[in-house]
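First up is the structure itself, then whatever we jot down about it.
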Amino acid sequence: MAAAGQLYIVATPIGNLEDITARALRILAEVAVIAAEDTRHSAKLIQHFGINTPLIACHDHNERALAERIVTRLQAGESVALISDAGTPLISDPGYHLVRQVRDAGLVVVPVPGACAMVAALSAAGLPSDRFAFEGFLPAKSAGRLARLQGLAEDERTLIFYEAPHRLLDSVQAMCAVFGAERQAVLARELTKTFETIHGAPLAELAAWIAADSNQQRGECAVLIAPWQKPEGDESLDAATLAILDALLVELPVKKAAALAAQITGVRKNLLYQQALARKA
Ligand code: SAM
């Protein structure tokens with residue numbers, strides 16, 4: 001029996017065709033078949049690179065049924081590549097069910113990384129990148145969108161959203177209402193393309209800027225939101241800090257207990273002093 005083939009998850013450019021990798025080109029040329037979200041769209045891409053591998057459609061509506069056929073082909077020794085219309089498959093694109101089924105069948109799935117709009121946006125936005133949350137597309141209806149945003153209002157990570165251009169203004173206005181006018185945000189539009197724009201401003205300003213220029217409501221866009229920060233003076237003390245403070249207050253006057261607790265915990269002395277006064281009262 002032939003050795004099983006592999007499923008390659010291949011990233012393609014998000015605009016600039018130079019962003020295809022050498023490895024992606026080799027694999028797309030070598031596999032037996034390429035599963036693509038939109039075969040007409042992808043035919044142009046692979047023809048551009050002189051690749052003649054046959055394409056089959058893999059979209060949200062046929063993905064599960066197709067996965068069975070792909071598993072059979074892999075078991076027969078053929079290798080298959082999955083691509084989406086742009087960027088990395090599975091990132092707000094089809095592919096999850098296919099990857100799941102192929103892995104469940106004990107077959108090998110190989111990532112072939114490359115362009116991804118959310119990573120490109122984050123890499124150039126100038127917002128904290130040590131912790132971030134990719135939120136994909138918001139619900140289209142305003143009630144669902146508000147509920148989703150409210151759940152994220154006090155998230156301490158940079159938030160990354162994809163958005164359709166005709167919903168961009170509504171979404172940024174909703175973000176302004178939920179996250180506050182002053183929260184820093186970045187619009188990353190048409191990345192890697194001619195009209196690439198990366199514009200950062202507080203949310204109220206960003207919404208006004210988008211409203212004033214209809215060009216900003218065209219093309220492909222991502223919105224990034226700076227992490228929520230606890231307002232000054234709203235520091236609450238955790239249970240361990242309070243336990244230390246209470247233990248010190250048994251032996252020491254308020255001022256000394258607060259100073260020592262600050263040294264031990266790193267919490268501001270004044271905050272501990274106020275807390276110690278309240279506990280003694
Ligand atoms: N799989 C893709 C990826 O890896 O980024 C995302 C596919 S999703 C269907 C398409 C959305 O990604 C667009 O609506 C937009 O929000 C974002 N996007 C794709 N290309 C972009 C670009 N060049 N600039 C900014 N955002 C882009």
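The values are calculated or read from the model by the stated rules, or taken from the named source; none is laboratory data. As the structure is a computational prediction, the values presented were derived from the model and not from experiment. Because the Cβ atoms are built from the backbone with ideal geometry, glycine has one as well, and the counts that use them run over all protein chains shown. Surface areas here come from the heavy atoms of the whole protein model, side chains and all, with no ligands, DNA or RNA. Shrake-Rupley method; radii C 1.70, N 1.55, O 1.52, S 1.80 Å.
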Test: residue in region 72-82 that is small (Gly, Ala, Ser), within 16 Å of the ligand (Cβ to nearest atom) and either part of a strand (DSSP E or B) or open to solvent by 50 Å² or more (accessible area, probe 1.4 Å) (or both): yes
Single condition Cys58 does not satisfy, out of (1) at positive phi; (2) modelled with pLDDT under 95: (1)
Hits in region 182-195 (condition: away from the ligand (no atom under 13 Å from the Cβ) and touching a residue at least 24 places away in the same chain (Cβ under 8 Å)): Arg183, Gln184, Ala185
Residue under evaluation Val10, criteria (1) touching a residue at least 60 places away in the same chain (Cβ under 8 Å); (2) in contact with a Ser or Thr (Cβ under 7 Å, 6 or more places away or on another chain); (3) under 28 Å from Glu135 (Cβ atoms), criterion not met: (2)
Qualifying residue in region 29-41 (condition: in contact with a helix residue (DSSP H, G or I) (Cβ under 6 Å, 6 or more places away or on another chain), away from the ligand (no atom under 16 Å from the Cβ) and part of a helix (DSSP H, G or I)): no
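What do you reckon, is Gly136 within 14 Å of the ligand (Cβ to nearest atom) and surrounded by fewer than 19 Cβ atoms within 10 Å (Cβ to Cβ)?
Considered against the rule, which asks whether it is within 14 Å of the ligand (Cβ to nearest atom) and surrounded by fewer than 19 Cβ atoms within 10 Å (Cβ to Cβ), Gly136 comes out as yes.
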Criterion violated by Leu45 - all others in (1) within 16 Å of the ligand (Cβ to nearest atom); (2) in a loop (DSSP other than H, G, I, E, B); (3) without any contact (Cβ under 8 Å) to a residue 40 or more places away in the chain satisfied: (2)
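Applying the selection to region 124-133, what residues are open to solvent by 30 Å² or more (accessible area, probe 1.4 Å) and touching a residue at least 12 places away in the same chain (Cβ under 8 Å)? Before the answer, list the steps.
Quick first cut of region 124-133, residues open to solvent by 30 Å² or more (accessible area, probe 1.4 Å) only: 124, 126, 128-132.
Within region 124-133, Ala124, Gly126, Pro128, Ser129, Arg131, Phe132 meet the criteria.
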Positions within region 143-162 being assigned to a helix (DSSP H, G or I) and either within 14 Å of the ligand (Cβ to nearest atom) or aliphatic (A, V, I, L, M) (or both), in sequence order: Ala143, Leu146, Ala147, Leu149, Leu152
Ile264 vs. criteria assigned by TED's automatic domain parsing to the domain that holds Phe132 and either assigned to a helix (DSSP H, G or I) or open to solvent by 30 Å² or more (accessible area, probe 1.4 Å) (or both): no
Which numbered condition Glu18 fails, given (1) exposed (fewer than 15 other Cβ atoms within 10 Å of the Cβ); (2) more than 16 Å from the ligand (Cβ to nearest atom); (3) part of a helix (DSSP H, G or I): (2)
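Restrict the check to region 130-142 and report whether at least one residue is part of a helix (DSSP H, G or I), of a type outside the set (Asp, Glu) and at pLDDT below 95.
So far as region 130-142 goes, yes, one or more of its residues are part of a helix (DSSP H, G or I), of a type outside the set (Asp, Glu) and at pLDDT below 95.
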Of all residues making up region 93-123, the number that are part of a helix (DSSP H, G or I) and either surrounded by 17 or more Cβ atoms within 10 Å (Cβ to Cβ) or within 11 Å of the ligand (Cβ to nearest atom) (or both): 10
Any hit, region 53-76, residues being outside the structural domain of Ile198 (by TED's automatic domain parsing), of a type in the set (Gly, Ala, Ser) and either in contact with a Ser or Thr (Cβ under 6 Å, 6 or more places away or on another chain) or closer than 28 Å to Gln229 by Cα (or both): yes
